[in-house]
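Below: one structure, written as structure tokens.
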Amino acid sequence: MKPLIALCIYVSAFLLLSACAQESGTIIAQKTLEQPKVELPVYPDVVQPEQPEIPVYPTVKQPEIVWITEDGGQSQLDFNPRVDILFVTDNSDSMKSAQANLIKNLNRFTNGITNNKMIDYHIGVISTWDSSERFATKKKDTYQIGELRNVKTIAGTESKERFVTKKDSAGILANTLKIGVAPYAEGGPEVEEFFSPLAAALDKSGHAAVNEGFFRDDAQLVVIFMTDADDSSSRITPEQMAQTLIDFKGGRQDKVSVYGVLVNAKDPDSVKDWDLRVHPKYHPECFTGQKNNGKCTGFGPERLEEMIVAANNGAGNPKQIREQYIMSITSPIFGTELGRMGDSITVKTLEKQIFLSQIPRVDDSGKLMLRVRYGTADVLAQGKGQLIPNKANGGWTYNPSSNSVKLSGNVKYEYKEGARFAVDLVPVPLAN
């Protein structure tokens with residue numbers, strides 16, 4: 001067996017060698033492939049542009065922050081809040097209880113005004129007028145249209161003074177405002193006028209006139225109508241009366257406030273003067289013959305309300321003005337509403353506007369570089385004093401359109417006799 005295997009191996013090796021011999025087949029010689037010669041394009045050298053020279057700017061010098069204080073000699077930095085309050089009071093017979101109610105609650109009205117050491121006030125009163133011949137010939141008192149009533153002493157006697165000031169006591173003020181009533185049978189007014197005596201009061205305020213000294217140019221002017229009737233002035237419209245007051249204050253509407261202690265159209269006729277009642281003598285349109293035709297539901301002091309809205313224009317819409325400046329003469333909370341009216345007058349009186357000579361800067365955070373201080377002259381000169389906060393309620397705000405500072409009327413001042421304001425600011429640099 002082994003020889004056979006060996007033979008097979010030899011035979012296989014022989015055959016393999018034979019297959020590899022040259023004679024066993026044609027061998028094709030492979031030609032060597034030559035790589036084609038690629039010529040690279042030659043580009044001209046790109047000339048790099050010259051780098052532009054960066055200009056060297058001079059260093060911008062930031063404006064120096066320098067605080068300045070507005071001229072201390074300006075009188076507008078003084079703080080002497082003044083108010084002239086004129087009551088236009090109905091003294092017809094129907095007003096007896098209303099006047100008594102006023103006197104009873106007067107301290108609630110005057111509390112904020114008279115107890116504020118800052119406020120310099122004048123308070124006076126004139127009475128309604130009636131242009132009829134009957135009134136002119138039969139009225140008992142000697143007061144002419146628009147004349148301030150004399151101040152009454154504690155004993156109730158008349159003095160030579162025509163208005164109450166800070167030096168007078170609360171008792172003197174109460175007696176002065178209690179002018180009493182004039183019954184119709186004794187020559188009292190029937191057809192009440194309020195605009196005509198108010199206009200006359202303004203006219204009689206000049207040199208040597210009966211009302212001289214009451215009205216002051218720099219004071220807030222407050223008019224308070226107190227009546228259960230409406231105005232019957234024939235030659236003055238509500239709008240004209242309002243404009244007359246504004247013109248009297250040099251065109252400054254912000255220096256005028258008009259209030260009303262009045263009846264309302266919805267009130268029962270029993271609390272109204274006859275001219276506002278559904279009565280055939282005063283409102284015949286409400287009757288057919290002598291019978292009420294049901295066309296009329298009630299009358300109110302429309303002319304007085306229109307005048308109050310016009311005089312306080314800018315204090316809100318008509319509804320808001322009526323709510324703020326008119327109170328009911330028959331209100332069950334008469335004292336509370338009267339006190340609210342007094343507080344409103346106090347706030348209005350203490351408002352102040354200071355016009356600046358330079359425009360204040362704003363810092364990088366957007367904060368206005370301005371501050372307001374209050375104190376005596378020597379304290380302010382040291383850079384001290386009460387710092388008033390920058391806020392609308394109880395502080396100050398800046399008005400860029402007028403370049404002025406507006407102080408609200410409810411700032412809590414640390415009162416000092418003779419104190420004034422100082423305004424510090426960093427001014428906007430002037431352009432070169």
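The values are calculated or read from the model by the stated rules, or taken from the named source; none is laboratory data. Everything quoted here is computed from the prediction, not taken from an experiment. Cβ coordinates were reconstructed from backbone atoms using ideal geometry, including for glycine residues, and neighbour counts include every protein chain displayed. Quick note on the areas: whole protein, heavy atoms, side chains included, nothing else; ligands and nucleic acids left out. Shrake-Rupley method; radii C 1.70, N 1.55, O 1.52, S 1.80 Å.
Hull volume per residue, based on the alpha-carbon atoms of the range 66-143 and their convex hull, is 168 Å³. Could you list the residues of the range 310-350 with an amide nitrogen less than 18 Å from a label point located 7 Å from the Cα of S401 in the Cα-to-C-beta direction? Residues 313-317 qualify, since their backbone N sits under 18 Å from the label point. Local charge for M241 was computed over the other residues whose Cβ lies under 10 Å away, with Lys and Arg +1 and Asp and Glu -1, and equals -2.
Annotation for D254 and T297: the two label points, set 7 Å from Cα along the Cα-Cβ direction, are 4.0 nm apart.
Toward the positive end of the charge dipole of the range 257-370, with +1 on the Cβ of Lys and Arg and -1 on the Cβ of Asp and Glu, the farthest Cα among L368, G300, Q290 is that of Q290. Beta bridges assigned by DSSP with both partners in the range 215-316 are antiparallel in approximately 25 percent of cases. Dipole magnitude for the chain: computed about the Cα centre from +1 point charges on Lys and Arg Cβ and -1 point charges on Asp and Glu Cβ, it is near 1200 debye.
Every Cα-Cα pair of the range 106-160 was included, and the share exceeding 13 Å stands at 73 percent. Projecting the Cα positions of I179, Q382, L407 onto the charge dipole of the chain (unit charges on Cβ atoms of Lys, Arg, Asp and Glu, taken about the Cα centre) puts I179 furthest along the positive direction. Stretching the chain fully between Y415 and V379 yields a gain of 11.6 nm (0.36 nm per residue, less the alpha carbon separation). Take the chain with all the other protein chains still there, run a 1.4 Å probe, and you get 60 Å² of accessible area per residue. Mean sequence separation of contacting Cα pairs (under 8 Å, at least six apart), scaled by the length of the chain, corresponds to a relative contact order of 17 percent. Oblate is the label for the range 147-232, because a/c, from the alpha-carbon gyration tensor with a ≥ b ≥ c as root eigenvalues, is 1.5 or above and a/b does not exceed b/c. Take the Cα radius of gyration of the chain and divide it by 2.2 N^0.38 Å, N being the number of residues; the result is 2.12. Inter-label distance, D218 to T142: 3.6 nm, where each label sits 7 Å from its Cα along the C-beta direction.
Report, to the nearest whole %, how much of the accessible area of the chain belongs to carbon and sulfur atoms, 1.4 Å probe, protein only. Summing carbon and sulfur atoms, their accessible area is 54 percent of the total for the chain. Count Lys and Arg as plus one, Asp and Glu as minus one, and take only other residues whose Cβ is under 10 Å from that of T397; the net charge is then +2.
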